[in-house]
1. Being hydrophobic (A, V, I, L, M, F, W, C), outside any helix (DSSP H, G or I) and open to solvent by 60 Å² or more (accessible area, probe 1.4 Å), is that true of even one residue in segment 29-38?
2. Across segment 89-123, what is the total count of residues that are outside any helix (DSSP H, G or I) and either without any contact (Cβ under 8 Å) to a residue 24 or more places away in the chain or of a type in the set (Phe, Trp, Tyr) (or both)?
3. If a residue has to be open to solvent by 60 Å² or more (accessible area, probe 1.4 Å) and of a type in the set (Ser, Thr, Tyr) to count, how many in segment 97-117 make the cut?
4. Can you spot a residue in segment 59-71 that is over 22 Å from the mean Cα position of the chain (by Cα) and more than 18 Å from GLY30 (Cβ to Cβ)?
5. Whether any residue in segment 112-130 is closer than 13 Å to PHE191 by Cβ and in contact with a Ser or Thr (Cβ under 6 Å, 6 or more places away or on another chain) is what I want to check.
6. Considering only residues that are out of contact with any Gly (no Cβ under 9 Å at 6 or more places or on another chain) and in a loop (DSSP other than H, G, I, E, B), which ones fall in segment 131-166?
7. Go through (1) surrounded by 21 or more Cβ atoms within 10 Å (Cβ to Cβ); (2) under 25 Å from GLY91 (Cβ atoms); (3) out of contact with any Lys or Arg (no Cβ under 6 Å at 6 or more places or on another chain) one by one and return the number of the condition PRO165 breaks.
Amino acid sequence: MSSQQLPGGGMSNYSGYTKLCKGLAVVLAGGHIVVQIFPSAVSYLALIPAKTIPFAWNLITAGYVEQSIPGVFISIIGLLFIGKLLEPIWGSREFLKFIFVVNFLTSVCVFVTAISLYYITTQEIYLYMPISGFQGVLSGFLVGIKQIIPDQELSLLKIKAKWLPSIALLLAVVVSFFTTDSAAHLPTVIFGTYIGWIYLRYWQRKSETKLKGDPSDEFSFSTFFPEPLRPVIDPVATIFDRLLCGRRSESSDESRGYTLGGSVLPSSDPIEASRRRERGARALEERLAAESLTAPGMTDETKRDATENV
């Protein structure tokens, strides 16, 4: 099996889903069933900015409620297939933490955006439009794929995995011009992608190095954009980087020996991040090879290797 392909072919790709992903899939299916049987439940579970206070729990529940049949199918399929790739590498605890943080902070950002749009336009639709769905977390998952196996190639589309988040964002923007409810989905995709990147760039703790984040140049914000635009994006991204995480990043860099006199040390984290991606790709290749030989799912040894090597 080629090491330059993401999971996408063979019967083994339809098995070996983790228990956590299966459980979350049940939650997504259950949330859809609830709002179909009891339509009034949308008022309590979806994110409706005018009702978020006092119903603050909808900042969490909104991400697990799909109101449409296509939405629930896309969310479940995306969760199972992408989770099958990411969870063995990150670990179940980190995988669940990523989902919770990205879902919650995406909802907070969407809430603030909706309130801001209301005050700018005075249109009440921004206050009472029910916003829900797992697309924010799915967008964050794509950022995780970009980080772990950026140079893996999709067998069907013949594109590298590092462009998946950018393509998803572009499609969301294009679709927004042809739908009337784009305000209910586009901000979620945008913020899901950005929060996912923020989490992996600055917050995710590496068990093998006891450090946080991935400061490598290959995972910088400008890598989401085509090469000609990066000289324009980099200065802007640097400003936001210093505003949001500058002090923490600088102190972390000093404590870990990230730079010395402006020069990157041989043991710096970018090199470790590159090695981690290499181990991730190697572990993925070994796991997929094992799946092609053993049915229905991964062996315990392969799972252990994928967890330890990445």
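The values are calculated or read from the model by the stated rules, or taken from the named source; none is laboratory data. Keep in mind that what you see is a predicted model, and the values were worked out from it rather than measured. Cβ placement follows ideal geometry from the backbone for every residue including glycine, while neighbour counts extend to all protein chains displayed. Accessible surface areas use protein heavy atoms only, side chains included; no ligands, DNA or RNA. Shrake-Rupley method; radii C 1.70, N 1.55, O 1.52, S 1.80 Å.
1. So in segment 29-38, the residues hydrophobic (A, V, I, L, M, F, W, C) come out as 29, 33-35, 37-38.
With the extra rule that they be outside any helix (DSSP H, G or I), the set shrinks to 38.
Imposing the further condition that a residue be open to solvent by 60 Å² or more (accessible area, probe 1.4 Å) reduces the set to 38.
Yes.
2. Going residue by residue through segment 89-123, those that are outside any helix (DSSP H, G or I) are 91, 122-123.
Still in the list and also either without any contact (Cβ under 8 Å) to a residue 24 or more places away in the chain or of a type in the set (Phe, Trp, Tyr) (or both): 122-123.
Count: 2.
3. Within segment 97-117, residues that are open to solvent by 60 Å² or more (accessible area, probe 1.4 Å) and of a type in the set (Ser, Thr, Tyr) number 0.
4. Within segment 59-71 (the criterion being over 22 Å from the mean Cα position of the chain (by Cα) and more than 18 Å from GLY30 (Cβ to Cβ)), the answer is no, since none of the residues qualifies.
5. No, that holds for no residue.
6. PRO150, ASP151, GLN152, LEU157, LYS158, ILE159
7. Evaluating PRO165 over (1) surrounded by 21 or more Cβ atoms within 10 Å (Cβ to Cβ); (2) under 25 Å from GLY91 (Cβ atoms); (3) out of contact with any Lys or Arg (no Cβ under 6 Å at 6 or more places or on another chain) leaves (3) as the failure.
Every residue, every condition in (1) open to solvent by less than 40 Å² (accessible area, probe 1.4 Å); (2) within 30 Å of GLY31 (Cα to Cα); (3) at pLDDT 90 or above, yes or no:
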| position | (1), (2), (3) |
| --- | --- |
| GLY144 | yes, yes, yes |
| SER176 | yes, yes, no |
| THR179 | no, yes, no |
| HIS185 | no, yes, no |
| TYR199 | yes, yes, yes |
| GLU208 | no, no, no |
| ARG230 | no, no, no |
